[in-house]
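Notes follow once the structure below has been shown.
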Amino acid sequence: MTSAKRIAIVGAGVAGMALAIIATRQGHQVSLFERGSAVPSMGAGVTLWPNAVFVMEQMELADAIKRKGGAPRFMRQFDQHGIQKAEFDILEVNRLCGFPSVTILRRDLMRILAEALHALGVDIKFNRTIAAQDIEGLRTQYDLVVGADGRMNSAVRQAIHAEDVLPRYQGFINIIGISQPERGVIDAAIHDFCGAGERFGIVPVGDGLCFWAAAWRTPIDMTRPLPVWYDEMDQRFRDWPGPVRNVLQSRDETSLNRIFVHDLDPLPHWHRDNVLIIGDAAHAPLPTSGQGACQALEDAWHLSRMLEEDDRLETALSRFYETRIVKTSAAQSAGRQVAQRIFGDQSKSSPPAPGFSAGQLSRLWMQGLEKGSG
């Protein structure tokens, strides 16, 4: 075990809280800053693929997410008329990985992480906005400053990269929400409906609930009121298959959110001196990658291992980047490729073809993860 460090973490999202939990258990002194007044829960839900569940198991939280989440058996792809085009066996990839896949509402995932953190005696410092000019002060007070402050306006990323690193808009909108559709409308399968420049994904979780995303190609327009966007969604998908219509009709209006979807280009480095970025602040992928929360959790686990194995901070942070950059860049690239097939100008009214077999996906997802280590 290397010497205990004083670590400041900016942002109480998935990456920030996961790192705070693991680092605290390793004996480090952690301060976690969050600009909001409560744990953020933006996003209706997440799919934790086997690589993410591996990390949750190392954190001793896998049972908690399984109890609260769903266990999808298949991913089925349809066109906008409801004709099935492809089916992916999730249970097979789970078997090859050695870990299950779990679908969970984001609010439940964040609650589980927050409760684990509280049990360790770590209190989140809410209403603490950290700007780029504050980073210099933090880096003198702490041995390590970690930015887990998101893709769009990461102050820590701004402090590390003197040049502007701007998130890139990828040309489509996501409207996300939570619904409780009629019994039997969806089974234990993720449903993915695709048309020309449009997509509607439905992900079942426990208690008869599901989360979903309606997406279509559009320019950014911040002037339109949210209800107008929601009306457009209803118009666009009113003639789509029954599961889509039922989910929209049974939605929880308070869960709706509109997102102009951005990602990041791969960055040449993630740290400067003792200041580091992780998660979406470092390598935000598109939601079409399916790996945003998964790679955030992997970051927390890998970084904690690097800090444990090498007391030389510069070496540990350099190794962290070298270990992670290939896999996170692959997730970014995969997300863009899927999005281009759906939302690109030459889109055809058919779903994107599955790009990987179960064997290929299992090797990709579990790359760098050693069962029983942590």
Original post:
What are the pairs, 6+ residues apart or on separate chains, where a residue within the stretch 301-328 that is closer than 19 Å to Lys5 by Cα has its Cβ under 6 Å from a residue that is outside any helix (DSSP H, G or I) and open to solvent by less than 10 Å² (accessible area, probe 1.4 Å)?
Top reply: Leu317/Leu276
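Return yes or no: is Pro219 more than 16 Å from Ser179 (Cα to Cα) and either part of a loop (DSSP other than H, G, I, E, B) or modelled with pLDDT under 95 (or both)?
So Pro219 fits the description; yes.
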Original post:
Looking at the stretch 259-269, which of its residues are farther than 16 Å from Ser154 by Cβ and crowded, with 17+ Cβ neighbours inside 10 Å?
Top reply: Phe260, Val261
**OP:** Could you check how many residues of the stretch 320-340 are more than 30 Å from Phe172 (Cβ to Cβ) and either among the small types (Gly, Ala, Ser) or open to solvent by 80 Å² or more (accessible area, probe 1.4 Å) (or both)?
**Re:** 1
**OP:** Might you check whether a residue that is under 30 Å from Gln158 (Cβ atoms) and acidic (Asp, Glu) occurs anywhere in the stretch 230-253?
**Re:** no
Original post:
Which condition number in (1) within 15 Å of the chain's Cα centre (by Cα); (2) modelled with pLDDT under 95; (3) aliphatic (A, V, I, L, M) is the one that Ala358 fails?
Top reply: (1)
Original post:
Which one of these is open to solvent by 50 Å² or more (accessible area, probe 1.4 Å) and among the polar types (S, T, N, Q): Thr254, Thr218?
Top reply: Thr254
**OP:** Quick one: Arg245 ticks every box in (1) touching a Phe, Trp or Tyr at 6+ places or on another chain (Cβ under 9 Å); (2) open to solvent by less than 60 Å² (accessible area, probe 1.4 Å); (3) part of a helix (DSSP H, G or I); (4) more than 15 Å from Ala44 (Cα to Cα) except a single one, so which number is it?
**Re:** (2)
**OP:** Taking the options Ile186, Ile178, name whichever one is more than 12 Å from Phe260 (Cα to Cα), touching a helix residue (DSSP H, G or I) at 6+ places or on another chain (Cβ under 8 Å) and either assigned to a loop (DSSP other than H, G, I, E, B) or modelled with pLDDT under 95 (or both).
**Re:** Ile186
Subject >> Contacts under 6 angstrom Cβ, first residue in the stretch 115-138 being within 13 Å of Ala38 (Cα to Cα) and touching a residue at least 40 places away in the same chain (Cβ under 8 Å), partner outside any helix (DSSP H, G or I) and open to solvent by 30 Å² or more (accessible area, probe 1.4 Å), 6 or more apart >> reply: Phe126/Ser37; Asn127/Ser37; Thr129/Arg35
**OP:** Output the number of the condition that Lys68 fails; it satisfies all remaining conditions of (1) touching a Gly at 6+ places or on another chain (Cβ under 6 Å); (2) open to solvent by 40 Å² or more (accessible area, probe 1.4 Å); (3) not aliphatic (A, V, I, L, M).
**Re:** (1)
Original post:
Which residue pairs have Cβ atoms under 8 Å apart, sit 6 or more places apart or on different chains, and have a first residue in the stretch 288-299 that is at positive phi and a second that is among the β-branched types (Val, Ile, Thr) and open to solvent by 20 Å² or more (accessible area, probe 1.4 Å)?
Top reply: Gly290/Thr47
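The values are calculated or read from the model by the stated rules, or taken from the named source; none is laboratory data. Treat the numbers as computed from the prediction; the structure is a model and nothing was measured. Neighbour counts run over all protein chains shown; Cβ positions are idealised from the backbone, glycine included. Ligands, DNA and RNA are excluded from the accessible area calculation, which covers all protein heavy atoms including side chains. Shrake-Rupley method; radii C 1.70, N 1.55, O 1.52, S 1.80 Å.
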